[in-house]
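I have placed the structure first, in the form of structure tokens, so that the comments after it can refer back to it.
The values are calculated or read from the model by the stated rules, or taken from the named source; none is laboratory data. No experiment lies behind these values; they were computed from the predicted model shown. FYI the Cβ positions are ideal-geometry reconstructions off the backbone, even for glycines, and counts take in every protein chain you see.
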Amino acid sequence: MYTLPDSIKFRDKSPILENYPALQLYTTRNMRPGTFIDWLWGGLNYQIEHHLFPTMPRNKLKTVMPMVKDFCAKNKLPYMVDDYFTGWGYAIEQFRNVANIAAKIVNKASA
């Protein structure tokens, strides 16, 4: 599993913010595909491909996955894939982080 180094921060002037494919690859991850997961998520477990090609029909995302993985490997970009429970764990952790930031903003504004 590829995880981002703690040193990566997307500051206002970060060049990553101007590179659409790289930004999508660094900020999203897939859930490991499989018959059940593909059915359960309706193809949206291919979040990387969905973010790179937002207008592509969901049933086609699986088709471009090998091309995206190849692109990532050739360009030394992450292609993050997690199993179902790990993926949900990361999502919940991120929700918690956003909630904590929002609480700090609200507390600061009301002080």
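Quick look at the numbers
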item: Any hit, region 6-18, residues being modelled with pLDDT under 85, of a type in the set (Asp, Glu) and closer than 20 Å to residue 94 by Cβ; result: yes
item: Region 27-62 - residue that is within 10 Å of the chain's Cα centre (by Cα) and of a type in the set (Ser, Thr, Tyr) and, of those, farthest from residue 81 (Cα to Cα); result: 27
item: Residues that are assigned to a helix (DSSP H, G or I) and at pLDDT below 90, drawn from region 40-58; result: 40, 41
item: Hits in region 61-95 (condition: outside any helix (DSSP H, G or I), of a type in the set (D, E, K, R) and either surrounded by 15 or more Cβ atoms within 10 Å (Cβ to Cβ) or touching a strand residue (DSSP E or B) at 6+ places or on another chain (Cβ under 9 Å) (or both)); result: 82, 83
item: Flag for residue 108 being over 19 Å from residue 20 (Cβ atoms), assigned to a helix (DSSP H, G or I), at pLDDT 90 or above and out of contact with any strand residue (DSSP E or B) (no Cβ under 6 Å at 6 or more places or on another chain); result: no
item: Residue match in region 96-109 (condition: surrounded by 10 or more Cβ atoms within 10 Å (Cβ to Cβ), in contact (Cβ under 8 Å) with a residue 24 or more places away in the chain and not aromatic (Phe, Trp, Tyr)); result: no
